[in-house]
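Only one structure is covered here, and it is reproduced in the block below.
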Amino acid sequence: MTDGKSSVQVIADGLKTLNRAELEELDAIITPRAAILLTKAFGDGFGAILGPLTENDGTDGAPAGDAAGGAAWDAAGAEADLRAMMQDPRYWRDRDPRTVQQVADGFRKLYPGEVQATA
């Protein structure tokens with residue numbers, strides 16, 4: 001059924017069959033936290049697949065500019081999500097610039113006006 005392809009390649013190929021509207025719908029439901037959990041469960045190959053679906057999301061999981069990201073934003077849940085993101089090896093081991101930036105931006109949103117640490 002998979003013709004010797006890895007499961008990640010099968011999924012990547014499957015995503016190519018979706019039309020633009022379907023990809024946008026998928027983008028809306030895959031949050032950074034969901035991407036982290038799926039990558040943790042199924043391996044680093046999923047990070048490459050899911051990265052484009054989360055790269056423009058805010059740390060609250062809503063796509064940038066999404067009205068749902070405002071009033072419904074939960075500070076306690078957001079901090080828990082940020083701390084979970086910090087457990088991802090891409091943050092603490094690899095220092096992946098996108099992951100590090102998402103965490104930093106999230107804490108800036110949680111604690112606006114706080115003194116920023118310098119590296």
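The values are calculated or read from the model by the stated rules, or taken from the named source; none is laboratory data. All values derive from a computational prediction rather than experimental measurement. With ideal geometry, Cβ positions are generated from the backbone for all residues, glycine too; neighbour counts draw on all protein chains shown.
Results, tabulated for the structure shown:
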quantity	calculated
Wholly enclosed helices (runs of 4 or more DSSP H) of the stretch 20-112 bearing at least 3 residues at pLDDT 80 or above and closer than 24 Å to S6 by Cα	20-29, 32-42
Residues of the stretch 1-19 classified as surrounded by 12 or more Cβ atoms within 10 Å (Cβ to Cβ), touching a helix residue (DSSP H, G or I) at 6+ places or on another chain (Cβ under 9 Å) and either at pLDDT 80 or above or not aliphatic (A, V, I, L, M) (or both), total	7
